[in-house]
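None of the figures in this text is laboratory data; all of them are computed from the coordinates on show. What you see is a predicted model; the values in this text were computed from it and never measured. Note: ideal-geometry Cβ built from the backbone for every residue, glycine included; neighbour counts use all protein chains shown.
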Amino acid sequence: MTEQQALYKYSLRLGDNALILSARLSEWCSNAPFLEEDLAVTNMALDLIGRAQAMLKYAGEVDGNSKTEDDLAYRRGERDYYNNLIMELPNGDFAYTMVRQLFVSTFELFFYEELQKSTDATLAAIAAKTLKEVKYHHLHAKDWVIRLGDGTEESNRRVQQAVNQLWMYTGELFEMDGTDALLMKDGIAVNAEHLKMGWIQMVTQILALANIELPADGYMQSGSRMGIHTEHLGHILSEMQYLQRAYPDATW
Amino acid sequence: MVVSRFDKEQILDILATIPDPEIPVVNILEMGMVKDVVIGDDGYEVIITPTYSGCPAVGMITADIRSTLEAKGVVPTTVRMVYDPAWTTDWMTDVAKKKLHDYGIAPPLHSSCNDEMLDNNTITCPRCGSERTHLLSRFGSTACKALYKCDACLEPFEYFKCH
């Protein structure tokens, strides 16, 4: 693997994470518990779309095969997608979506804080922009998890259930492979393993305020770094890519 | 090769006539979205930066810049988007903040660089001036705004978030 190939894959991975989570959050549009939350989830989805666009555009430039961000989003099969599995899981109930938002945005707080120091100027610039938006997403998710966890018996039970079910998907956020190792040598990529301690501390603190117990560390799901996904990604893509597959090069 | 008939000042004056598509009371210069104008041998380049990465107005702003300059004979023009340095509400001019206020949108208080101030601020009602307001929703009708309600005059209003 050359550094160029690694950078392509790294940018794809970051773009795919944003794109797929954005697709999931968008599903709440008109289905959220109330109007203000409808605005909130779709606003966060919009930030993620913007980030996906910037990352995939850059991936296309690095690749050099004149692929646009749209080509990369609409014309790759699931085995060529590298988003973490947690992003593609169905939304579940509102508590489940907010717990995922908490896990992901807390990770992103730490991750983009580091990536803005990347020696790659484009990644650093996108990261600095992203970090501002992620802080707001994190604040929102944190408030909800505490409010629901520290709420009624029912809401507490649902948050606890979501935490228990999602926990096995958090290990993958900190995984690293040859792509990361190669890019880290030149200070391009972030050492994700180093972020784990800070993440655990922050999440533990928030869950404690929400009267939620931290699950025991057990089996962690894995696979996305190799393009291996849950059955759910294919369904997202079939819907998202329908038009470009049925009518290639369609414009309007 | 383009014989440069326009200088930077003239181009900026033209750009100042382009309103922000989402908040038409301010223009794109006052919003701090125009980073630079570069006059080269083969044309003009306008460098812009988005407010939020997913800001849907960027496409329209790009088109507006091109068509407005073209109509004035500033051709050929390209528009380039940069992310660095990231846009902040600190770049909004005082004039723009005053215009927002008069339009009924509470202007941003300060920079989001100050993390503790990201939320739970005292926002003054742009209609009656009361400080007795509360947050209704952190997210509003566009990425850049939050929703508040005034407890004095009871009117809901938008607040331009610090960013």
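List of remarks:
- Look at the alpha carbon pairs under 8 Å that are at least 6 residues apart: their mean separation over the length of the range B:8-81 gives a relative contact order of 31 percent.
- The modelled label-to-label distance for the pair A:GLU36/A:ASP71, using points 7 Å beyond Cα in the direction of Cβ, is 4.5 nm.
- Mean separation of Cα contacts under 8 Å, 6 or more apart, over the residue count of chain A: relative contact order %: 25 percent
- Taking only the C-alpha atoms of the range A:3-246, Rg followed by Dmax gives 17.4, 55 Å.
- Share, in percent, of DSSP beta bridges within chain B that are antiparallel, nearest 5: 70 percent
- For the range A:212-242 versus the range A:137-153, the inter-centroid distance based on Cα atoms is 24 Å.
- Rg/Rh, computed from the Cα trace of the range A:1-125 with Rh as the Kirkwood radius, has the value 0.99.
- Inter-chain Cβ neighbour count for A:42-50, averaged per residue, equals 5 (cutoff 10 Å, partner chain atoms only).
- Convex hull of Cα atoms in chain B, direction-averaged projection (nm²): 9.6 nm²
- Mean per-residue shielding of peptide A:133-142 is 3, counting Cβ atoms of other chains within 10 Å of each Cβ.
- B:LYS72/B:ASP102 FRET efficiency (R0 35 Å; Cβ-Cβ; nearest 0.05): 0.75
- The range B:8-81: antiparallel DSSP beta bridges as a percent of all, rounded to 5: 60 percent
- Full-extension gain in nm, A:ASP217 to A:ASP186, via 0.36 nm per residue minus C-alpha separation: 7.9 nm
- Chain B, relative contact order [Cα under 8 Å, separation at least 6], %: 18 percent
- Under the span-like rule (Cα at least 24 Å along the axis, Kyte-Doolittle mean at least 0.5), DSSP H helices of chain A: A:94-115
- Anchor A:LYS9: lysines whose Cα lies under 17 Å away (excluding residues fewer than 8 positions away in-chain): A:LYS57, A:LYS67, A:LYS185
- Computed log₁₀ I(q)/I(0) - Debye formula, equal Cα scatterers, no solvent, the protein assembly as shown, q 0.07, 0.14 Å⁻¹: -0.36, -1.38
- Summing charges over all other residues whose Cβ lies under 12 Å from the Cβ of B:GLY54, with Lys and Arg as +1 and Asp and Glu as -1, gives 0.
- Dimensionless Rg/Rh of the range A:1-64 - Kirkwood Rh, Rg from C-alpha atoms: 1.17
- Annotation for A:GLN4 and A:ALA246: the two label points, set 7 Å from Cα along the Cα-Cβ direction, are 3.8 nm apart.
- Residue mean of other protein chain beta carbons inside 10 Å, B:50-60: 5
- Length gained when the stretch B:CYS153-B:HIS134 is fully extended (0.36 nm per residue, less Cα-Cα span): 5.6 nm
- Overall form of the range A:64-161 per C-alpha gyration tensor (a/c, 1.5; a/b vs b/c): oblate
- Cα-based shape type of the range A:136-177, given that a ≥ b ≥ c are square roots of the gyration tensor eigenvalues and the cut on a/c is 1.5: oblate
- Distance between modelled label sites at B:SER141 and B:ALA16, nm, 7 Å Cα→Cβ extension: 2.8 nm
- In loop segments of the range A:151-223 as defined by DSSP, the chymotrypsin sites (Phe, Trp or Tyr not before Pro) with at most 16 further C-beta atoms inside 10 Å of their C-beta are A:TYR219.
- For the range B:8-81, average projected area of the Cα convex hull in nm²: 4.4 nm²
- Chain B: DSSP helices with Cα axial extent of at least 18 Å and average Kyte-Doolittle hydropathy no lower than 0.0: B:57-71
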